[in-house]
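Data block below; observations after.
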Amino acid sequence: MVLKDLFKKPQNKLEGETTEIKIPDELCCKCPSCGQMVLLCDLKENLQVCPYCSHHFPLGARERTGVACDEGSFEELFAGLRSKNPLSFPGYEEKLAAAIKKSGEDEAVICGKGRIGGMDAALFAMDGNFMMGSMGIVVGEKITMLFEYAAEKGLPVVSFCVSGGARMQEGIFSLMQMAKTSAAVRKHGEGGGFYISVLTNPTTGGVTASFAMEGDIIISEPGALIGFAGPRVIEQTIRQKLPDGFQRAEFLLEKGFLDDIVDRRKMADYLGRLLFLHKR
Amino acid sequence: MAAYEKVSLARHKDRAGTTDYIGKIFTHFVELHGDRRFCDDKAVTGGIALLFDIPVTVVGIERGKDLSERVKKNFGCAHPEGYRKAIRLFKQAEKFGRPVICFVDTPGAYPGIGAEERGQGQAIAESITEMLSLKVPTVSIITGEGGSGGALALAAADEVWMLENAIYSVISPEGCASILWKDATKAKEAAECLKLTAQDLYSFGVVDRVFSEDKDFDALCEEIKGALLEAVREKAALPKEELLDRRYQKFRRIGREFL
């Protein structure tokens, strides 16, 4: 029980009383965690975090860089690269076109440089609206280029991951992105480069098994699902229901795979502080 | 041959595994166990052996022959400890200047509670990074099924080779079909779409060499043995910086034509 519940007005109503204000559906949404109706404008103001229960709603890549960086400091790099269909996989081009329309982005990641808490950094943010943030050649290439760019400029890298894993439609090429990006992370780190990996809901598959887990510091937003295999695959394999909270950020913190869990509203400060401590 | 026929051949119960190759290609094999952290994952076999007169570290994932061996080896699905055992042996190889030879035959890393609890993703990521940074020559051979990240963890090598009837894929055809078409029985169509045969992968530059299987096992192993000697010698002669740079460029280049 939280403090505010103590002061809740009793729900008793007089018969026939109709003082309830009806809010149009397009102005509010129901929090999937606490079930409260939340005004979209309040949600936006609160960085897409539920004001009642702190459930973290998804954030698009563009909003993410906006939230993370000091106002107006984000400059996009390597924009405009679009995926082709290397295997001529049936239906892939249509899926790409739909994803471009849905997300308003060219691919599932945007890269750039900006200032976080006054500190210069290279950063990338994945977009869950673009084919579930899956990684194909272009996503891998942009991330690789960003680590190479950061290594050359002596910048730290901050990443915001959200991904269903490798992009199946690009077959073996998507698997190879795990090696390519890992090699770039390693090279950046070898030169003393600092890398903070921020995991958000969900981070799974080939992204977990590569750059997401390769940060010098790995943190997560509260409640994020983080794993290699997805929960459904595990349930099908072991034929039992998974325990509550399995593969959630809190579980990973307890098992020793995260440095910390950071609320989105405190994220920019937290990142700024860490970047400051690694100032070169 | 249709792609799915290759899938069936790659998974065939009588197909040779890591232990068979170790027995034929190397001598003086000493098996080493355990990740020094949690346990010994039997899906991964590792140790030291001689390739002609060169000491090498050998690591392989294998399914096992009969049912009891398969159960022990978890049908070739490694837990994080398997990858951590590999990482330990890689580091040891580097310390003593031994080339690393990997054999890969796995449906994929195990998707289970314990595996997730102990960081399957982190273990694979670390194994990939470790392989990419080893200052000794590395060769990986995909002998059967190269299943996704669980295979790549042992295949981020200077040279990646495949047997003619092996496959290597980001997802199993069954998994692909069930996700895309909600129907695992469409695995045959998925296998075609995924382009997972050795011949496809060679044409993409993902694989550097394909060994034909039109000969008996002894002759195949002789051929691999000769090729390994040549590759290991050539790479060992390179300055370390160049060895690492070539490896970086190798993975950097793959798929570039589709940008």
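What about B:ARG84, is it modelled with pLDDT of 95 or more, facing chain A (nearest Cβ under 9 Å), touching a helix residue (DSSP H, G or I) at 6+ places or on another chain (Cβ under 8 Å) and closer than 20 Å to A:LEU258 by Cα?
Numbers: modelled with pLDDT of 95 or more: yes; facing chain A (nearest Cβ under 9 Å): no; touching a helix residue (DSSP H, G or I) at 6+ places or on another chain (Cβ under 8 Å): yes; closer than 20 Å to A:LEU258 by Cα: yes.
For B:ARG84, the condition - modelled with pLDDT of 95 or more, facing chain A (nearest Cβ under 9 Å), touching a helix residue (DSSP H, G or I) at 6+ places or on another chain (Cβ under 8 Å) and closer than 20 Å to A:LEU258 by Cα - is not met.
Out of A:LYS241, A:LYS279, A:LYS255, which single residue is more than 30 Å from B:LYS135 (Cβ to Cβ), basic (Lys, Arg) and at pLDDT 95 or above? Working first, answer last.
Working: A:LYS241 fails: at pLDDT 95 or above; A:LYS279 fails: at pLDDT 95 or above.
Unique residue meeting the criteria: A:LYS255.
With the requirement that a residue be of a type in the set (S, T, N, Q) and more than 16 Å from A:GLY206 (Cβ to Cβ), what does segment B:77-121 give you?
Our first condition is that a residue be of a type in the set (S, T, N, Q); within segment B:77-121, this holds for B:92, B:106, B:120.
Across segment B:77-121, the qualifying residue is only B:GLN92.
Quick one: which of B:LEU228, B:LEU196 is within 13 Å of B:TRP161 (Cα to Cα), under 17 Å from the mean Cα position of the chain (by Cα) and modelled with pLDDT of 95 or more?
Values: B:LEU196 fails: within 13 Å of B:TRP161 (Cα to Cα).
After applying the criteria, what remains is B:LEU228.
Would you be able to say whether some residue in segment A:93-107 is in contact with a Leu (Cβ under 7 Å, 6 or more places away or on another chain) and assigned by TED's automatic domain parsing to the domain that holds A:PHE147?
The answer is yes; a qualifying residue exists.
Please verify whether B:VAL207 is farther than 20 Å from B:ILE101 by Cβ, buried (at least 22 other Cβ atoms within 10 Å of the Cβ), of a type outside the set (Gly, Ala, Ser) and in contact with a helix residue (DSSP H, G or I) (Cβ under 8 Å, 6 or more places away or on another chain), treating the condition exactly as stated. Outline the logic, then answer.
Values: farther than 20 Å from B:ILE101 by Cβ: no; buried (at least 22 other Cβ atoms within 10 Å of the Cβ): yes; of a type outside the set (Gly, Ala, Ser): yes; in contact with a helix residue (DSSP H, G or I) (Cβ under 8 Å, 6 or more places away or on another chain): yes.
Spelling it out, it is not the case that B:VAL207 is farther than 20 Å from B:ILE101 by Cβ, buried (at least 22 other Cβ atoms within 10 Å of the Cβ), of a type outside the set (Gly, Ala, Ser) and in contact with a helix residue (DSSP H, G or I) (Cβ under 8 Å, 6 or more places away or on another chain).
Residues that are at negative phi, over 20 Å from the mean Cα position of the chain (by Cα) and away from every other protein chain (no Cβ under 14 Å): find the helices (runs of 4 or more DSSP H) completely inside segment A:80-195 holding 2 or more of those. Steps first, answer last, please.
Values: elements: A:92-103, A:137-153, A:171-190.
By residue number, A:92-103, A:137-153.
Looking at segment A:34-57 only, could you name the residues that are outside any helix (DSSP H, G or I) and over 20 Å from A:ASP269 (Cα atoms)?
As a first pass, look at segment A:34-57 and keep what is outside any helix (DSSP H, G or I): A:34-39, A:46-57.
Matches in segment A:34-57: A:CYS34, A:GLY35, A:GLN36, A:MET37, A:VAL38, A:LEU39, A:TYR52, A:CYS53.
Within segment A:32-85, can you find the residues that are of a type in the set (Val, Ile, Thr) and closer than 22 Å to A:ARG115 by Cα?
Step one: list which residues in segment A:32-85 are of a type in the set (Val, Ile, Thr), which gives A:38, A:49, A:65, A:67.
Answer for segment A:32-85, where residues must be of a type in the set (Val, Ile, Thr) and closer than 22 Å to A:ARG115 by Cα: A:THR65, A:VAL67.
Of B:GLU116, B:GLU94, B:GLU126, B:GLU130, which residue is more than 14 Å from chain A (Cβ to nearest Cβ), part of a helix (DSSP H, G or I) and on the phi < 0 side of the Ramachandran plot? Before the answer, list the steps.
On the way: B:GLU116 fails: more than 14 Å from chain A (Cβ to nearest Cβ); B:GLU126 fails: more than 14 Å from chain A (Cβ to nearest Cβ); B:GLU130 fails: more than 14 Å from chain A (Cβ to nearest Cβ).
After ruling out the rest, the residue left standing is B:GLU94.
Which of the residues belonging to segment B:201-213 are at negative phi and in contact (Cβ under 8 Å) with a residue 24 or more places away in the chain?
The first filter runs over segment B:201-213 and keeps only residues at negative phi, leaving B:201-204, B:206-213.
Hits for segment B:201-213 are B:LEU201, B:TYR202, B:PHE204, B:VAL206, B:VAL207, B:ASP208, B:ARG209, B:VAL210, B:PHE211, B:SER212, B:GLU213.
Residues of segment B:122-136 being among the charged types (D, E, K, R) and closer than 21 Å to A:GLY206 by Cβ, which ones? Even if it seems obvious, please write down each step before you answer.
Step one: list which residues in segment B:122-136 are among the charged types (D, E, K, R), which gives B:126, B:130, B:135.
Those that are among the charged types (D, E, K, R) and closer than 21 Å to A:GLY206 by Cβ: B:GLU126, B:GLU130.
Results for (1) within 11 Å of chain A (Cβ to nearest Cβ); (2) in contact with a strand residue (DSSP E or B) (Cβ under 7 Å, 6 or more places away or on another chain); (3) not acidic (Asp, Glu), shown as yes or no for each residue.
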| residue | (1), (2), (3) |
| --- | --- |
| B:SER178 | yes, no, yes |
| B:ALA184 | yes, no, yes |
| B:LYS188 | no, no, yes |
| B:VAL210 | no, yes, yes |
| B:ILE224 | no, yes, yes |
| B:LYS235 | no, no, yes |
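Are there helices (runs of 4 or more DSSP H) fully within segment B:143-196 with at least 3 residues that are without any contact (Cβ under 8 Å) to a residue 24 or more places away in the chain and more than 30 Å from B:ILE87 (Cβ to Cβ)? List them. Give the steps one after another, and end with the answer.
Numbers: elements: B:148-152, B:173-180, B:187-194.
Filter on segment B:143-196 gives B:173-180, B:187-194.
For a quick check of your reading of the model, give me the residue pairs whose first member lies in segment B:1-30 and is more than 24 Å from B:ALA227 (Cα to Cα), whose second is among the acidic types (Asp, Glu) and not in a loop (DSSP other than H, G, I, E, B), with beta-carbon atoms closer than 8 Å and at least 6 apart or on different chains.
Cβ pairs passing all conditions: B:ALA2/B:GLU192; B:ALA3/B:GLU192; B:TYR4/B:GLU192; B:VAL7/B:GLU145; B:ARG11/B:GLU145.
Got a number for residues in segment B:161-193 being among the β-branched types (Val, Ile, Thr) and at pLDDT below 95? Can you show your working first?
Step one: list which residues in segment B:161-193 are among the β-branched types (Val, Ile, Thr), which gives B:167, B:170-171, B:179, B:185.
When the remaining residues are screened for being at pLDDT below 95, the result is B:179, B:185.
The qualifying residues number 2.
The values are calculated or read from the model by the stated rules, or taken from the named source; none is laboratory data. This structure is a prediction, so every number in the text was calculated from the model and none was measured. All Cβ positions, even for glycine, are placed from backbone atoms using ideal geometry, and neighbour counts span all protein chains on display.
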